[in-house]
1. Counting only residues that are within 19 Å of A134 (Cβ to Cβ) and without any contact (Cβ under 8 Å) to a residue 24 or more places away in the chain, which one in the range 18-50 is least open to solvent (accessible area, probe 1.4 Å)?
2. Out of the range 98-124, which residues are aliphatic (A, V, I, L, M) and open to solvent by 100 Å² or more (accessible area, probe 1.4 Å)?
3. Among the residues in the range 63-83, are any within 30 Å of D128 (Cα to Cα) and of a type outside the set (D, E)?
4. Taking the conditions exactly as written (within 26 Å of G10 (Cα to Cα), within 17 Å of the chain's Cα centre (by Cα) and either assigned to a helix (DSSP H, G or I) or of a type in the set (F, W, Y) (or both)), does A105 satisfy them or not?
5. Out of all the residues in the range 127-171, which are of a type in the set (V, I, T), in contact with a Leu (Cβ under 8 Å, 6 or more places away or on another chain) and at pLDDT below 95?
6. In the range 116-137, how many residues are in contact with a Pro (Cβ under 8 Å, 6 or more places away or on another chain) and either free of Cβ contacts under 8 Å to residues at least 24 places away in the same chain or of a type outside the set (D, E, K, R) (or both)?
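The values are calculated or read from the model by the stated rules, or taken from the named source; none is laboratory data. Remember, it's a predicted structure, so these values are computed and weren't measured experimentally. Neighbour counts run over all protein chains shown; Cβ positions are idealised from the backbone, glycine included. Side chains are part of the model used for accessible areas, which takes the heavy atoms of the whole protein and leaves out ligands, DNA and RNA. Shrake-Rupley method; radii C 1.70, N 1.55, O 1.52, S 1.80 Å.
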Amino acid sequence: MTQFMRAIDGMAKVLMVFTAFCAFGIAFWILLEVVARNASLHIYGAAEYISNFLIVIVFLQLPYAVRMRGMLSVDIFSGSMPPRVAVPFSLLASLLGILFFGAVAIGSIEPAIRAWVEGQYEGEGVVDVPAWPAKFSIVIGCGFAAFYYLVRMIETVRSGRVVSAPAEESTPY
């Protein structure tokens, strides 16, 4: 199980690094757009590509954020609770995470496949941007997030306490 989790953690980290490069690309694209406009030139499709890549960035970083417990939590409440109260709340939060992100992933599969098969595009005018990368990033990100909430729930049940974020050195990168 440890090797499996290391592989999954490594994949989440690869997705996070990929999205960091996407964010850098968006920043560079915006810089080019600003420079081009000041030079009375126009780069077509910037808004369409940027809006699609923002979706990719948000949803592909989601699994890593869930795994590293980077999601919003109220530490003042969870840190001050006794373990017999904190554990049920942690289990409930994990269950809600599984239900929410699992429902979003399952609900997004069919539109993502339809976008791929039908060759759906987004954009107005000159540039058409494929819609499937953004739609599949929602499926992948939410599916991984639901999986990590399940892992968190299992870790909490096994240990009998609220488990902290895994050590950074436990991942292969």
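1. Across the range 18-50, the extreme among qualifying residues is A46.
2. Answer for the range 98-124, where residues must be aliphatic (A, V, I, L, M) and open to solvent by 100 Å² or more (accessible area, probe 1.4 Å): L99, I106, V117.
3. Yes, the conditions are met somewhere in the range 63-83.
4. So A105 fits the description; yes.
5. T156, V157
6. 3
For (1) out of contact with any helix residue (DSSP H, G or I) (no Cβ under 9 Å at 6 or more places or on another chain); (2) at positive phi, each residue gets a yes or a no:
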{"position": "L31", "(1), (2)": "yes, no"}
{"position": "V34", "(1), (2)": "yes, no"}
{"position": "N38", "(1), (2)": "yes, no"}
{"position": "L92", "(1), (2)": "yes, no"}
{"position": "F100", "(1), (2)": "no, no"}
{"position": "I106", "(1), (2)": "no, no"}
{"position": "G119", "(1), (2)": "no, yes"}
{"position": "V126", "(1), (2)": "yes, no"}
{"position": "V129", "(1), (2)": "no, no"}
